[in-house]
Amino acid sequence: MSGQRIVIAGAGGFMGRYFAKRFRADGDTVVTVGRAGSDVVWGDTAALEAAVDGADMLVNLAGKSVNCRYTEKNKAAIFSSRLLTTAELGRAVAAVAHPPAVWFNASTATIYRHADDVPQTDETGQIGSGFSVNVAGAWEREFFVHHRPGVRQVALRMAIVLGDGSALSPLLALARFGLGGTQYGGRTRGGRQMFSWIHIDDVYRAIRFIAERPDIDGAVNVSSPGPVQNRELMATLRRVVGARFGLPLQRWMLELGALALQSETELLLKSRWVLPTRLQAAGFEFEYPELEPAVREITGDVAEAPPVRIP
């Protein structure tokens, strides 16, 4: 349904910019909430309430990127940037006369345990442990505590979102420079750790789909039905960039690289095996269910490439 008023919080990130562009292209009015340059700035209670009052949909993507070193300072910022903004939105939703019918809040499929034995579904997924899981759990708890009758709440447990400017960029760079082999050194041996992902266009389409399905609420896995092993991930990226060989990377190499890039190795070494069972049962059809067509669309490369050996 077009012609709606959509409020996007955290619209400065790569997902927020993409969603704002897509909603506007579909004929919707978009109000952005964020830091300087947004329509509404965090801390301006009156403006935030005015934006939320009468809106058709609220989409919250706010939160410091986890693509950083997990120093104590960064950990605190990762928590606060999610919990405080979600709480601010919750107060606004509670205060207005006409709250949005549906409130989407970002979450992450990283909330599930390291899984290389069975996939984590909406119905049977097991919550993991560790810093990233703690962040996800606290974020969802803060979100759902702001329940208001008549406002449907959906936590989007997103897998790694692929798009222009996403986590895909450094992985493609590794492949181009001949370092796109399998990554070793995690709890799963042989590069068989699972990589769950989703094309950003399918995230947008899933939001549109769920918005029209009043029977869907709570936490929802938003992930492609085609997760791959790490060794298949890197082989796919090598095919896309035309690299015939990729140097396999051991954990100590990855740690050095992560330090240089001010990131962490969790992206590559944790086995994320997530399936979108609720979306599929509801009839949602993915535009990009398979990895290679998704990557080629993002990079603008739709040509076939020769087979690549998987080291």
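Read-outs throughout are calculated quantities, based only on the coordinates presented, and are distinct from any laboratory measurement. Because the structure is predicted, anything quoted here is derived from the model rather than measured. Every residue, glycine as well, gets a Cβ built from its backbone with ideal geometry; the counts of neighbours run over all protein chains shown.
Structural descriptor for the stretch 4-140: relative contact order 22 percent, calculated from alpha carbon pairs under 8 angstrom and at least 6 residues apart. If you bin all the Cα-Cα distances of the stretch 109-253 at 5 Å, starting from zero, the percentages per bin are 2, 8, 15, 18, 20, 15, 10, 6, 4, 2, 0, 0.
Mean-square fluctuation check for the chain, GNM, Cα pairs under 10 Å: which of Gly37, Gly190, Gly90 is largest? It is Gly37. P(r) for the stretch 100-168, from all Cα pairs and a bin width of 10 Å, is 18, 42, 32, 7, 0 %, short bins first.
Expected output is a single nm value to one decimal: the length gained when fully extending between Val118 and Met253, i.e. 0.36 nm times separation in residues minus the C-alpha distance. What is it? Extending this stretch completely gives an extra 45.7 nm.
If the Kirkwood radius is taken over C-alpha pairs of the stretch 1-107, then at 37 °C and 0.692 mPa s the Stokes-Einstein diffusion coefficient equals 233 µm²/s. Beta-bridge orientation, the chain: approximately 10 percent antiparallel, per DSSP, counting only bridges with both partners inside.
The trypsin sites (Lys or Arg not before Pro) of the stretch 14-68 that meet both conditions, a loop assignment by DSSP and at most 15 other Cβ atoms within 10 Å of the site Cβ, are Arg35. Pick from Ala243, Ala167, Ala97 the residue whose mean-square fluctuation is largest in a GNM of the chain, springs joining Cα atoms under 10 Å. It is Ala97.
Of all complete DSSP H helices in the chain, not one has a Cα span along the helix axis of 18 Å or greater and a mean Kyte-Doolittle hydropathy of 1.0 or more.
The smallest convex shape that holds all Cα atoms of the stretch 57-124, its convex hull, gives 116 Å³ per residue. Quick check: the distance between the Cα centres of the stretch 28-96 and the stretch 164-182, to the nearest angstrom? Going from one Cα centre to the other spans 31 Å.
Across the stretch 178-299, Cα-Cα pairs farther apart than 16 Å form 66% of the total. For the residues Val274, Val96, Val52, a GNM of the chain with alpha-carbon springs under 10 Å puts the largest fluctuation on Val96.
Which of the GluC sites (Glu not before Pro) across the stretch 105-188 are loop residues per DSSP, with 14 or fewer other Cβ within 10 Å? Here the sparse-neighbourhood loop sites are Glu123. P(r) of the stretch 4-67 in 5 Å steps, Cα pairs, percent per bin? Answer for the stretch 4-67: a P(r) of 4, 20, 31, 26, 14, 5, 1 percent.
Please list the three semi-axes, largest first and in whole Å, of the ellipsoid equivalent to the chain, using sqrt of 5 times the eigenvalues of its alpha carbon gyration tensor.
Its equivalent ellipsoid spans semi-axes of 34, 20, 18 Å.
Of the residues Thr71, Thr236, the one with the fewest other Cβ atoms within 10 Å heads the list, and the complete ranking is Thr71, Thr236.
Please give the FRET efficiency for Ala25 paired with Arg141, using the beta carbon to beta carbon distance and R0 = 22 Å, rounded to the nearest 0.05.
The computed FRET efficiency comes out at 0.05.
Could you calculate the FRET efficiency of Glu72 with Arg189 from 1/(1 + (r/R0)^6), where r is the beta carbon distance between them and R0 is 35 Å, rounded to 0.05? That pair, Glu72 with Arg189, gives E of 0.65. Net charge dipole, the stretch 1-101: roughly 560 debye, given to the nearest 20, about the Cα centre with Cβ charges of +1 for Lys and Arg and -1 for Asp and Glu.
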